[in-house]
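The values are calculated or read from the model by the stated rules, or taken from the named source; none is laboratory data. Predicted model only: the values in this text are computed from it and were never measured. Every residue, glycine as well, gets a Cβ built from its backbone with ideal geometry; the counts of neighbours run over all protein chains shown. Please note that ligands, DNA and RNA were not included when accessible areas were found on the heavy atoms of the full protein model with its side chains. Shrake-Rupley method; radii C 1.70, N 1.55, O 1.52, S 1.80 Å.
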Amino acid sequence: MTVTVPRGQVRAAAAGVAVTFGLNGVAVATWFARVPAARDALGLTPGALGLLLLSMSVGACLAMLTAGEVTHRLRPKRTVSLSAVTVALGLAVAGVGIGAYPSPVVTAIGIFVLGYGSGLCDVAMNVEAAEVERALGKTVMPRFHAMWSLGTVAAAGLASFAAWAVLPVTAHLAVVAVVVAGGTLLAARTYSLAAEAEHGTGSGVMAAWREPRTLLIGLLVLVLAFTEGTANDWVAVAFIDGYQADPALGALVFGVFVTTMTFGRIFGTIALDRWGRVPAVVLSMLLAASGVTLAVFAGSFGVAVAGVAVWGLGTALGFPVGMSAAADDPERAAARVSVVAVIGYTAFLAGPPLVGLLGNEVGVLRALLVVPLLLLPALVLTPSLRQPKG
């Protein structure tokens, strides 16, 4: 049944979704940008830091497994409101575990809660975003994802300032927690479109797990998620250790990555429309592999930062294009996207400890080379992105 929604209501929902995406990016990137401070305050080795980062990935992956059912039962409006409180609580607890009461266990609990809340929000806000797109009758989803990236850029800049001003991590994370919670709760009040539509709870998921194309897309998304997640978790630490950058510069390098990734998400649709999915994603993967390699072997800080910029640009398209490919068939989209998301998010489980353990042996900067070593073989998976005929 088609439901006619007043245009003003659609615009309000679109604005609320955009704000939610942006604030979710702020929350996640605030933690990523202060990882070096957490490492120093807790005295962690690269391997131990990787295990700490794993707790956030576990929280996010659990959210991906449960968020569909939660969103179906509570609807996006209440689910996003719940996630706002969860994210804020996680940030605040992590801040206490780093500064006020230094403890790897307390910090791990905080970022686990942060990861779960962020993952829960991710699913719910995308459900509402899809309804906004349907009501508008035009493609706007990439703009919402660009808002998430813009949120990470803003958070990286604020974190760099906080590190330069020697603002205690506990205070920094607490302030961000309040802003994210308040802003997201207000934004969620505009959510109304998804209440008019029925959303499945995973019908067809088991069948999707047996589809070769869906699994191949999932494997490709896993590598692409690993490419992005490695930068989120490790690029600031790698530059502090490998190029003797101070924490403020380390946060700025992370900001360079998310800035060029945002640029790629805003303007990458031009390449997709002109060349198609497979050529555009192949080019982006080659750019990412080249950027990481340049960042590691540059030998100078400035050239290495340029490598990070190329890395971010090359990371922009892969994950969203993989999700679009999984949703080619509207009747099976929910099940296939669910499977691809679960496979892809395992990168956030394996990535932190893998890079951390390699960092123990060769240093965090050299450990980043695992990214091109995975990207190049994964090029053979890109034909799975083509739209099925018929």
statement: Pairs returned, first residue in region 307-327 that is open to solvent by less than 10 Å² (accessible area, probe 1.4 Å), second residue that is among the aromatic types (Phe, Trp, Tyr) and assigned to a helix (DSSP H, G or I), beta-carbon separation under 7 angstrom, 6 or more apart or interchain, are Val308/Phe257; Trp311/Phe257; Gly312/Phe257
query: Out of curiosity, is Gly302 out of contact with any Ser or Thr (no Cβ under 6 Å at 6 or more places or on another chain), at pLDDT below 95, in a helix (DSSP H, G or I) and among the small types (Gly, Ala, Ser)?
result: yes
task: Scan region 364-390 and report the pairs whose first residue is farther than 25 Å from Pro353 by Cα and β-branched (Val, Ile, Thr) and whose second residue is open to solvent by 10 Å² or more (accessible area, probe 1.4 Å) and part of a helix (DSSP H, G or I), with Cβ atoms within less than 9 Å and a gap of 6+ or a chain change.
output: Thr382/Arg277; Thr382/Val278; Thr382/Pro279; Thr382/Val282
field: Answer residue from region 248-287, given it is among the aliphatic types (A, V, I, L, M) and within 27 Å of Ala38 (Cα to Cα) and is most open to solvent (accessible area, probe 1.4 Å) among those
entry: Leu252
message: Being out of contact with any Ser or Thr (no Cβ under 8 Å at 6 or more places or on another chain) and crowded, with 24+ Cβ neighbours inside 10 Å: is that true of Val85 here?
response: no
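Take the residues of region 337-390 that are closer than 17 Å to Ala295 by Cβ and in contact with an Asp or Glu (Cβ under 9 Å, 6 or more places away or on another chain): which is modelled with the lowest pLDDT? Don't jump to the end; show me each part of the working.
At the first step, the residues of region 337-390 found to be closer than 17 Å to Ala295 by Cβ are 351, 355, 358-359, 362-376.
Cutting the leftovers down to in contact with an Asp or Glu (Cβ under 9 Å, 6 or more places away or on another chain) gives us 351, 355, 359, 363-365, 367.
On the way: Gly351: 74, Val355: 85, Gly359: 85, Gly363: 89, Val364: 89, Leu365: 92, Ala367: 93.
Among residues in region 337-390 that are closer than 17 Å to Ala295 by Cβ and in contact with an Asp or Glu (Cβ under 9 Å, 6 or more places away or on another chain), the one modelled with the lowest pLDDT is Gly351.
Here is a list: Leu114, Leu89. Which entry is under 14 Å from the mean Cα position of the chain (by Cα) and within 18 Å of Ala171 (Cα to Cα)? Steps first, answer last, please.
On the way: Leu89 fails: under 14 Å from the mean Cα position of the chain (by Cα).
Only one candidate passes the filter, namely Leu114.
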task: Report whether or not Arg39 is among the basic types (Lys, Arg), without any contact (Cβ under 8 Å) to a residue 24 or more places away in the chain, on the phi < 0 side of the Ramachandran plot and surrounded by fewer than 24 Cβ atoms within 10 Å (Cβ to Cβ).
output: no
statement: The one condition Pro102 fails out of (1) surrounded by fewer than 22 Cβ atoms within 10 Å (Cβ to Cβ); (2) in a helix (DSSP H, G or I); (3) in contact (Cβ under 8 Å) with a residue 24 or more places away in the chain is (2)
Given (1) part of a helix (DSSP H, G or I); (2) over 19 Å from the mean Cα position of the chain (by Cα), number of the condition Ser83 does not satisfy: (2)
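Could you tell me whether region 41-61 includes any residue that is outside any helix (DSSP H, G or I), more than 26 Å from Val362 (Cα to Cα) and out of contact with any helix residue (DSSP H, G or I) (no Cβ under 6 Å at 6 or more places or on another chain)? Please lay out each step first, then the result.
At the first step, the residues of region 41-61 found to be outside any helix (DSSP H, G or I) are 43-45.
With more than 26 Å from Val362 (Cα to Cα) added as a condition, the list becomes none.
Checking region 41-61: not a single residue is outside any helix (DSSP H, G or I), more than 26 Å from Val362 (Cα to Cα) and out of contact with any helix residue (DSSP H, G or I) (no Cβ under 6 Å at 6 or more places or on another chain).
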query: What is the residue count in region 156-193 for residues that are part of a loop (DSSP other than H, G, I, E, B) and surrounded by 24 or more Cβ atoms within 10 Å (Cβ to Cβ)?
result: 2
- prompt: Would you pick out the residues in region 133-155 that are open to solvent by 10 Å² or more (accessible area, probe 1.4 Å) and at pLDDT 85 or above?
  reply: Met147, Trp148, Leu150, Ala154
task: Considering only residues that are part of a helix (DSSP H, G or I) and of a type in the set (Gly, Ala, Ser), look in region 233-265 and name the one that is nearest to Gly312 (Cα to Cα).
output: Gly264
task: Spot the failing condition for Leu283; the list is (1) more than 19 Å from the chain's Cα centre (by Cα); (2) within 11 Å of Leu317 (Cβ to Cβ); (3) modelled with pLDDT under 90, and only one is missed.
output: (3)
query: What do you reckon, is Ala15 of a type outside the set (S, T, N, Q), modelled with pLDDT of 90 or more and open to solvent by 10 Å² or more (accessible area, probe 1.4 Å)?
result: yes
message: Where the second residue is of a type in the set (S, T, N, Q) and the first is free of Cβ contacts under 8 Å to residues at least 24 places away in the same chain and lies in region 84-96, which pairs have Cβ atoms under 9 Å and are six or more apart or on separate chains?
response: Val93/Thr107
message: For the list (1) modelled with pLDDT of 85 or more; (2) in a helix (DSSP H, G or I), I need the number of the one condition that Val70 fails.
response: (1)
statement: Checked region 105-134 for anything charged (D, E, K, R) and under 12 Å from Val80 (Cα atoms); matches are Asp122, Glu128
So Ala295, is it among the aliphatic types (A, V, I, L, M), in contact (Cβ under 8 Å) with a residue 12 or more places away in the chain and under 23 Å from Leu375 (Cα atoms): yes
